[in-house]
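The values are calculated or read from the model by the stated rules, or taken from the named source; none is laboratory data. Everything numeric in this text was worked out from a predicted model, so none of it was measured. Because the Cβ atoms are built from the backbone with ideal geometry, glycine has one as well, and the counts that use them run over all protein chains shown.
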């Protein structure tokens, strides 16, 4: 096993990324994610949240700047190093917002065992990991079902199980609660809080400020200019309506009180 820095998970240094046609996605991004942090990436649509997760997973690479993972440069060249890529893929797992992008195997069991098999893990261990992942998410009864016949919530759980079977140190989740009913959202948040122990780290994108409040220990806010406009603890930002409105994390709309119509920021307040 390679010696990697397990205290520093990610480090972005002046990182920028453009899509073809010079379409800006991220601009001059700087941050470090440490072991055990639960980081929410928030921002308006198009601010670069999903792009950032793809960069952290080594699916795309910066146009400018550097991205380090566990103290090593994450690049096309380093991901051709067999020892590094095996270690990196076993430590970091990405769950896409749309599970149909991720699921392709004929059965749920094939899905959750695919990753460990690709890493060359012994068959007995693969079986143990697959069974454990299904049990963790209470989907053992779906074992022989084809993923394309599952509900949206079930597909989300299978996508997560397929990553958990790798025993990752870091989970990257793109809008993890989107498409889930309130009961399933609560169960997922409870599961992630329980999972995130022993210095495991979580980086997730979301526009749901309730999820941020319940799950994140840190918030990185991406602005409409595709740069980091704020970075800190959730309580620094969630109680500041002016900041939330300015960064498009809440919206202002017309609201009727009997005969009176006026505009104000729209904030959702949940009950515990």
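Return the total of residues in segment 51-73 being under 15 Å from residue 14 (Cβ atoms) and under 18 Å from the mean Cα position of the chain (by Cα).
Residues in segment 51-73 being under 15 Å from residue 14 (Cβ atoms) and under 18 Å from the mean Cα position of the chain (by Cα): 5 in total.
When the residues of segment 109-124 are filtered to those that are outside any helix (DSSP H, G or I) and over 23 Å from the mean Cα position of the chain (by Cα), the one that is farthest from residue 138 (Cα to Cα) is 120.
Across segment 125-138, what is the total count of residues that are buried (at least 19 other Cβ atoms within 10 Å of the Cβ) and either in a helix (DSSP H, G or I) or at pLDDT 95 or above (or both)?
5
Can you confirm whether segment 142-151 contains a residue that is buried (at least 19 other Cβ atoms within 10 Å of the Cβ), at pLDDT 95 or above and out of contact with any strand residue (DSSP E or B) (no Cβ under 6 Å at 6 or more places or on another chain)? Yes, segment 142-151 has at least one match. Of all the criteria given as (1) buried (at least 16 other Cβ atoms within 10 Å of the Cβ); (2) within 18 Å of the chain's Cα centre (by Cα); (3) not in a loop (DSSP other than H, G, I, E, B), the one not satisfied by residue 32 is (1). The set of residues in segment 171-189 that are assigned to a helix (DSSP H, G or I), out of contact with any helix residue (DSSP H, G or I) (no Cβ under 6 Å at 6 or more places or on another chain), more than 12 Å from residue 159 (Cβ to Cβ) and touching a residue at least 12 places away in the same chain (Cβ under 8 Å) contains only 185.
Of everything in segment 42-65 that is assigned to a loop (DSSP other than H, G, I, E, B) and touching a helix residue (DSSP H, G or I) at 6+ places or on another chain (Cβ under 8 Å), the residue that is surrounded by the fewest Cβ atoms within 10 Å (Cβ to Cβ) is 60.
The sole residue among 81, 98, 57 that is modelled with pLDDT under 95 and within 24 Å of residue 194 (Cα to Cα) is 98. Among the residues of segment 214-227, is any farther than 30 Å from residue 24 by Cβ and at pLDDT 90 or above? Looking through segment 214-227, at least one residue is farther than 30 Å from residue 24 by Cβ and at pLDDT 90 or above.
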